[in-house]
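Below is one structure, written out as structure tokens, with a few remarks after it.
The values are calculated or read from the model by the stated rules, or taken from the named source; none is laboratory data. As the structure is a computational prediction, the values presented were derived from the model and not from experiment. Every residue, glycine among them, receives a Cβ derived from its backbone with ideal geometry; neighbour counts consider all protein chains shown. We work out accessible area using only protein heavy atoms, side chains counted, and drop any ligands, DNA or RNA first. Shrake-Rupley method; radii C 1.70, N 1.55, O 1.52, S 1.80 Å.
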Amino acid sequence: MSVVTQQPWATREKYDRADSATRATLVAAAQRTFENLGYARTTIDRITEDAGVSRATFYVYFASKQEVFGVVAQQVRDRMVAAQDLGEIDADDVRAVAEATNAAYLDAYTANLAFLTVLEHQSLVDPEMEALWEQFHTRSRERTARYVRRQTERGVLDPAASPDAIARAGGGMVANFAPLVRSEPGLREQAIADLTAMFLRLVGLDDRA
């Protein structure tokens, strides 16, 4: 009777691989490589070279370049959603919430701008990446829309459009300011002030009041 001997990596539990320091190194290397080379020019060999591991090690954790790209995108998305956490800010202080979330989201968008640019470009030619790009923005928009809707129902806000439209416009404004701040970091404070003022006007408040 023949005995099949499994390689140790083949029998690991999924959560063990997910928590591996090597996996984290590969994900970080993948993000750097995608940002520097773009999606098309990135290869598994370039990722593993950056990570300092073998090609075989890559396949322990990921099935393809596309899979690791998706993992990077999910991590970037989660960091940007986390940037909207209010912490100790009073959720009913709309001005404070608008300023804090605009600042945090702008910082997160600026820090990840290179990868976001790659993802956006790839979404134009790849339906799966298009879906990933849309999914990337959905959580942030839904969160903003829920907040605007709740404050509107309380009678605090009188938005110029639907909560969903306001959320989409707010995210779009941040996306347009991020390249400016990345190229000229000294403009960050003014950008935050402008973004906050525009958002408050959209939701029916005047930050000069």
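Condition (residue is under 18 Å from Val174 (Cβ atoms), surrounded by fewer than 20 Cβ atoms within 10 Å (Cβ to Cβ) and in contact with a helix residue (DSSP H, G or I) (Cβ under 8 Å, 6 or more places away or on another chain)) applied to the stretch 34-52: is it met by at least one residue?
no
Select from the stretch 167-184 the residues that are charged (D, E, K, R) and either crowded, with 19+ Cβ neighbours inside 10 Å or without any contact (Cβ under 8 Å) to a residue 40 or more places away in the chain (or both) and list them in ascending order.
Those that are charged (D, E, K, R) and either crowded, with 19+ Cβ neighbours inside 10 Å or without any contact (Cβ under 8 Å) to a residue 40 or more places away in the chain (or both): Arg168, Glu184.
Is it fair to say Ser140 is within 18 Å of Ala111 (Cβ to Cβ) and either aliphatic (A, V, I, L, M) or crowded, with 17+ Cβ neighbours inside 10 Å (or both)?
yes
Would you mind telling me which numbered condition in (1) open to solvent by less than 20 Å² (accessible area, probe 1.4 Å); (2) within 17 Å of the chain's Cα centre (by Cα); (3) small (Gly, Ala, Ser) Ala98 fails?
So Ala98 meets the others, but not (2).
When residues of the stretch 192-209 are filtered for being in contact (Cβ under 8 Å) with a residue 24 or more places away in the chain, over 25 Å from Glu134 (Cβ atoms) and either surrounded by 15 or more Cβ atoms within 10 Å (Cβ to Cβ) or under 19 Å from the mean Cα position of the chain (by Cα) (or both), how many remain?
Selection size over the stretch 192-209: 6.
Does Val181 meet the test of being part of a helix (DSSP H, G or I) and of a type in the set (Val, Ile, Thr)?
In short, yes.
Please pick out the residue among Glu128, Glu134 that is under 20 Å from Val76 (Cβ atoms), exposed (fewer than 15 other Cβ atoms within 10 Å of the Cβ), of a type outside the set (Ser, Thr, Tyr) and free of Cβ contacts under 8 Å to residues at least 60 places away in the same chain.
Glu134
Checking the structure you have, find out if any residue of the stretch 47-65 is at negative phi and in contact (Cβ under 8 Å) with a residue 40 or more places away in the chain. Reasoning before the result, please.
Residues of the stretch 47-65 at negative phi: 47-51, 53-65.
If we keep only those that are in contact (Cβ under 8 Å) with a residue 40 or more places away in the chain too, we end up with 60-61.
Within the stretch 47-65, one or more residues are at negative phi and in contact (Cβ under 8 Å) with a residue 40 or more places away in the chain.
Looking at the stretch 18-33, which of the residues that are of a type in the set (A, V, I, L, M, F, W, C) and exposed (fewer than 13 other Cβ atoms within 10 Å of the Cβ) is nearest to Gln122 (Cα to Cα)?
By that ranking, first place goes to Ala18.
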